[in-house]
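Shown next, in structure tokens, is the structure this report addresses.
The values are calculated or read from the model by the stated rules, or taken from the named source; none is laboratory data. Note that this is a predicted model, so its numbers are computed, not measured. Glycine also receives a Cβ, built like all others from the backbone with ideal geometry; neighbour counts cover every protein chain displayed. With ligands, DNA and RNA removed, areas are computed over all heavy atoms of the protein, side chains included. Shrake-Rupley method; radii C 1.70, N 1.55, O 1.52, S 1.80 Å.
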Amino acid sequence: MAFDEMYAADGSVRPPYAGVAKWLASVSPDQLERRRLEAELFYRRGGITFAVYGDNQGEERIIPFDIIPRVLSSAEWNKLSKGLEQRVRALNMYLADIYGKQSVIKAGLVPEDLVLQNPAYRPEMAGVAVPHGVYVHIAGIDIVRIDADDFYVLEDNARTPSGVSYMLGGREICFRLMADLYGAHRVAPVDNYPDELVSMLRSVAPRNAGDMPTVALLTPGQFNSAYYEHSFLADKMGVELVEGRDLFVSEDCVYKRTTEGPRKVDVIYRRVDDDFIDPEAFRADSMLGVPGLFGAYTAGNVTLANAVGTGAADDKAIYTYMPEIVRFFLDEEPILKNVPTWRCRDPKDLSYVLDHLPELVVKEVHGSGGYGMLVGPQSTTSEIEDFRARLKANPETYIAQPTLALSTCPSFVASGVAPRHVDLRPFVLTGADGIKTVPGGLTRVAMREGSLVVNSSQGGGTKDTWVIDL
Amino acid sequence: MLSRTADNLFWLSRYVERADYLARILETTSRMSVLPTAYTGDTNEWTSALSTAGCLNAFLEIYEKPTAETVTEFLAFSEQNPASIRRCLETARFNARAVRTALTQEMWETINGAWLDLQKMDERDISGSRISRFTEWVKDVSLRIDGSGYRTMLRNDAYWFSRLGFFIERADNTARILDVKYHLLLPENSAVGGGLDYSQWTAILRSVNALTAYRWVYRESLKPWLIADMLILNEELPRSLASCYKNIVECLDSLGSAYGNQGKAQRQARTIHTSLENSVIAQVFQTGLHEFLTAFIADNNRLGAAIIEQYL
């Protein structure tokens, strides 16, 4: 039985959900359905859409929004946010170390090949001094609950985590459509996120940038699945949304092409992957990048957020070492737990995994978006056998975890209000002046009964997340 | 601002303006086509609609004969016609999405909403006599896009580039309407035809939304030379060439002073505007209306190119 965030095992309502329970008892399914439709219209009209790669029916889709908010008490949040801060500090220190002194390897903490052979490790970054020592400016840490006491990290996202526009959009909808419920709670605000983001970005500008550094958001363009989010954030921050072709590099400085001629750019919040940012340094066939950008970066004339090569810290193989990494760099006990994980590269772990496939979740080390994974209990025998063959062929590219009973929250679905599994992605900002996390984050919900896959590309929806004072 | 953003804003407006213009052509043409042939002569109104839209040749590559059905389909919905209303609105929305941050929320929602409505439309529902519902919708969309921009955009370079797109396209459209019908617009005191010409004149005025305005300005019955005067030289009529150029000069001056420099675009626009200001219609007829309009359309295109070269 999964942990339900609203109802305790004895059927009583947990304190954070008292208001929601009372409200649910007072609204009819018709009223809920009407609000659901209004929410859908809000997304459609606003063009708040995403694209699913390889999907032929309609290129722009909306993410289903569940109107019933998910609630956390401020006490729960305080513990969680301390854990997030600790985790992100450790991620940054780990990255500084593997591109610097490499003491984790020397100390035998993480095997050398896992660090250096990692496809996301950028040897070009070794010895590069990143501005203000920050690598992961924006982190999205995926969190799950399986009981009342602990939060577990499911995954660290240290490259270009997305979804924050859905956090903000969800709040806007609650504000508009759920004013009765929202007004009855003291919900910690999240709408200051774009302000926090832009001041963080300004804080990490190169030291030669002057008092008002110019920030730009680099997008791959309007065919990218997260384009809406890029334009939304640029708009809310009041910074230019640029594509590679809008920028050029001259004498190791980056300029944008404007109606008044070239203008210097100091900080780039780039939502383009490492591989594509500079055809001269990385993939030569990239049409999305800016030739010479990496040179300007290593010369210290522009800040890239996140830094190049942060993917070396967030894949599922390094994940398994995170508790040790926290202890090693911070000399503290990790506040957030890791989900127990078997490393299939280890023969002992592999044989356990092969023996228990039907009960495990197996993931590709470098995969994301819910692709290329096996959810044992929800797979047919032939799917499992298929996967077994793939796993045996390349064991080092997989890890396995027990099938977690992710916590459930009340959600409005076709059959009425019913519990559905959720996770949480809070967004953690690291600037020159410290770490900030807006209270809450993006709650993703698996809208199909029993499903544990919350990814939007796989039919997951979102919810607003409320941190409230009880 | 980014050159690409300015470029997208400029074209976004041009496509919206063009969709509006096509809707007016369709509307006037379907009005004309229901008149008895005695009043319309033997010229096919639908052929003339294609000439006014500037795509007769493109049409003939796909269809054999201009009829109400084929021309409506071609001008309103055709995917094969890059300048159909559907494609104009799609391109406008594509440009809008690319520069989402340069638009206000109100503008974006208007454009995106129109695009969504367009996806849901069934063309078979709209053909024939119900075309007017569609053209009303298109005009309404352009009013809302124009109005939301006017009411919500900051008065800065983004606004001026967007306005420039409207005015340059509008000037081009008015000049083309006049040019297709120039043989009907005769100088003062020429022998004026009967009912046929009269219905053609009202059609011209309707297509630039000026039938009622004419009465207020001239306070007399329709005279072809006065119609030409109004559409070319009267600064009070928002779709006249003179009014478009008054606005174009203002936008370019605002850009020039915001950026602290003037260039070729400013000079060209001022030259065209001054020559319109100093013209009288009798003189235009002396040059030859067709020659005058051909030269104007070419000048207008050159100005468009100069703006692109200078800023975009």
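A compact table of results
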{"item": "The range A:80-160: radius of gyration and largest Cα-Cα distance (Dmax), Å", "result": "14.3, 44"}
{"item": "Charged-residue dipole, Cβ positions (Lys, Arg, Asp, Glu), the protein assembly as shown about Cα centre, Debye nearest 20", "result": "1120 debye"}
{"item": "Burial of 30 Å² or greater, the range A:199-247 residues [accessible area, probe 1.4 Å, versus chain by itself]", "result": "A:Gln222, A:Tyr227, A:Ser231, A:Asp235, A:Glu240, A:Leu241, A:Asp246"}
{"item": "Value of Rg/Rh across the range A:1-129 [Cα atoms, Kirkwood radius]", "result": "1.16"}
{"item": "Cα-based convex hull, the range A:282-399, per residue volume (Å³, whole number)", "result": "172 Å³"}
{"item": "Per-bin percent of Cα-Cα distances, the range A:139-254 [10 Å]", "result": "11, 30, 34, 18, 6, 1"}
{"item": "Accessible carbon and sulfur surface of the range B:1-81 relative to its total accessible area, %, 1.4 Å", "result": "52 percent"}
{"item": "Shielded by partner chains, the range B:1-36 residues - at least 50 Å² of accessible area, 1.4 Å probe, vs chain alone", "result": "B:Met1, B:Leu2, B:Arg4"}
{"item": "Mean Cα-pair separation over length for chain A, i.e. relative contact order, pairs under 8 Å, 6 or more apart, %", "result": "24 percent"}
{"item": "Stretchable slack from A:Asp195 to A:Glu449, in nm (0.36 nm times residue separation minus alpha-carbon distance)", "result": "87.7 nm"}
{"item": "Rounded FRET efficiency, nearest 0.05, which uses the C-beta distance separating B:Thr287 from B:Glu64 and R0 of 41 Å", "result": "0.60"}
{"item": "Equivalent ellipsoid semi-axes, the range B:1-157, via Cα gyration tensor eigenvalues times 5, rooted, Å", "result": "31, 15, 14"}
{"item": "Exposed-loop-free span, longest in chain A, where GluC sites (Glu not before Pro) count as exposed if DSSP calls them loop and at most 13 other C-beta atoms lie within 10 Å", "result": "A:60-250"}
{"item": "Top of B:His183, B:His290, B:His273 by mean-square fluctuation, Gaussian network on chain B, Cα under 10 Å", "result": "B:His183"}
{"item": "Fraction of accessible area attributable to carbon and sulfur, the range A:184-340 (%, probe 1.4 Å)", "result": "48 percent"}
{"item": "Percent carbon-and-sulfur accessible area, the range B:157-312, ignoring ligands, DNA and RNA, probe 1.4 Å", "result": "51 percent"}
{"item": "Å² of accessible area per residue within the protein assembly as shown, as computed with a 1.4 Å probe and no ligands counted", "result": "41 Å²"}
{"item": "Dipole of the protein assembly as shown [Lys/Arg +1, Asp/Glu -1 at C-beta], most positive-end residue of A:Trp466, B:Ala49, A:Pro323", "result": "B:Ala49"}
{"item": "Rounded to the nearest 20 debye, dipole of the range B:189-273 from Cβ charges on Lys, Arg, Asp, Glu", "result": "120 debye"}
{"item": "Cα lying deepest toward the dipole's positive end in chain B, options B:Pro238, B:Asn156, B:Leu75, charges on Cβ", "result": "B:Asn156"}
{"item": "Kirkwood Rh, angstrom, the range A:209-264 [1 / mean 1/r, Cα pairs]", "result": "12.2 Å"}
{"item": "Shielding by other protein chains, B:94-101, mean Cβ within 10 Å", "result": "5"}
{"item": "Residue-averaged [θ]222 nm for the protein assembly as shown, counting only DSSP H segments that reach four residues, each worth -39500 (n - 2.57)", "result": "-15000 deg cm²/dmol"}
{"item": "Ellipsoid equivalent to the protein assembly as shown - semi-axes via the Cα gyration tensor, in Å", "result": "59, 31, 23"}
{"item": "Antiparallel DSSP beta bridges within chain A, percent to nearest 5", "result": "70 percent"}
{"item": "Buried area at the B-A interface (accessible, heavy atoms, 1.4 Å probe, summed, Å²)", "result": "2200 Å²"}
